Amino acid sequence: MSFRSMLDKTPRWVIVVAGAVVGISVLSTILRHAMTTGEDTTLWTFSLAHFSGYLFFIISPVEILYVHMLGEGHDGLVLIQLALITALGAQVIDYGIGYAFSGTVIDNVIGEKKYKRYLNRIDRYGGMTIFFFCLFPLSSPIIVLVAGMIRYPLRWMLVFSFTGLALKYHILAWMFG
């Protein structure tokens, strides 16, 4: 059974719920371990959780972990660099999945209504949509997926995404660092 045929047979709500459970479980396990043992969360753990949180099928508010890491005394510049590298890496995967499986993803993962809403925003505002969605938690992976579906230029998606993410993490570092 191919991945595409498996997605065709799986209801959308199952995929969304599974992604949310995995993402929240990974993040909560990392934070619970750090809080119960009193140990600092490692940069490797942060990178892994942050990367997985930016995959569209794993819903996870990784900005909480970023703020937690700042509170543990980790260097804000190192955290920003790791956050940008891991987020952009995951977004390239999101973009590629949208590019390769556009019809299947629309039908079984995000739904026609949500797809049209994001498509209209990209059509109307272009790359600024990607920039603004990267400023807020949980929204950029889906907009990047849609950008891949409509064949928005990868180079420009990365520029707008990088700019929005960098601004978001600098603001968080300023507020909580």
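Between PHE176 and TRP44, what is the label-point separation in nm under the 7 Å Cα-to-beta-carbon projection?
With each label placed 7 Å out from Cα toward Cβ, I get 2.4 nm.
Fewest Cβ neighbours within 10 Å first, please rank THR163, THR129 accordingly. Before the final figure, lay out each step's value.
Details: THR163 15, THR129 22.
Ordered from fewest to most neighbouring Cβ atoms within 10 Å, THR163, THR129 come out as THR163, THR129.
Give me a comma-separated list of calculated 3J(HN,Hα) values for the stretch 141-158, in order, Karplus coefficients 6.51, -1.76, 1.60 applied at θ = phi - 60°, integers in Hz, x for any Gly or Pro.
x, 6, 5, 5, 4, 5, 4, x, 5, 8, 6, 4, x, 4, 4, 6, 4, 5
Once both labels are modelled 7 Å past Cα along the beta-carbon direction, what's the LEU158-ASP75 spacing in nm?
2.5 nm
Could you tell me the largest-minus-smallest coordinate of the C-alpha atoms of the stretch 93-164 on each of the three principal axes, in descending order and whole angstroms?
In descending order, the Cα extents are 30, 22, 20 Å.
Between ILE150 and MET128, how many nm apart are label points set 7 Å from Cα along the C-beta direction?
Simple spin-label model gives 1.4 nm for this pair.
Read the figures in this text as sums done on the coordinates, not as results from a lab. Since we're looking at a predicted model, the values are computed, not measured. Backbone-built Cβ (ideal geometry, glycine too); neighbour counts: all protein chains shown.
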